[in-house]
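Down below is the structure, laid out as structure tokens.
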């Protein structure tokens, strides 16, 4: 299964990598590896993660307070958000209206 990031999710991901890298050298790379490991788990088991809405689910990362919000559409994994779990919930729902 192929995956793609919503542009805003891609920006969130990049910002989080930069933030963690500023906190400690190498930590940004570790965060990125955790996100990609979560994406691999989603690809392997797309239907087992927690439903967030009618068409979306969330897979949590290990070690970091983030969840990957996604949906499967036309056999593609669409990543809607790389969501910090300590921030405003459901902010990503506006992205669903944009495609």
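Read-outs: derived from the displayed coordinates by stated rules, not from any lab. Note that this is a predicted model, so its numbers are computed, not measured. Neighbour counts run over all protein chains shown; Cβ positions are idealised from the backbone, glycine included.
Key figures for this structure:
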quantity: Residue in the range 81-95 that is under 19 Å from residue 1 (Cβ atoms), part of a strand (DSSP E or B) and in contact with a strand residue (DSSP E or B) (Cβ under 7 Å, 6 or more places away or on another chain) present; calculated: yes
quantity: Residue check for residue 56: touching a residue at least 24 places away in the same chain (Cβ under 8 Å) and farther than 15 Å from residue 6 by Cβ; calculated: no
quantity: Residues of the range 1-32 satisfying the condition of being surrounded by fewer than 13 Cβ atoms within 10 Å (Cβ to Cβ) and in a helix (DSSP H, G or I); calculated: 7, 11, 15, 18, 22, 23, 29
quantity: Restricting the range 60-69 to residues that are in contact with a helix residue (DSSP H, G or I) (Cβ under 6 Å, 6 or more places away or on another chain) and buried (at least 20 other Cβ atoms within 10 Å of the Cβ), the residue that is farthest from residue 33 (Cα to Cα); calculated: 68
quantity: Candidate set from the range 33-45 (those that are buried (at least 16 other Cβ atoms within 10 Å of the Cβ) and in contact (Cβ under 8 Å) with a residue 40 or more places away in the chain); member that is nearest to residue 97 (Cα to Cα); calculated: 39
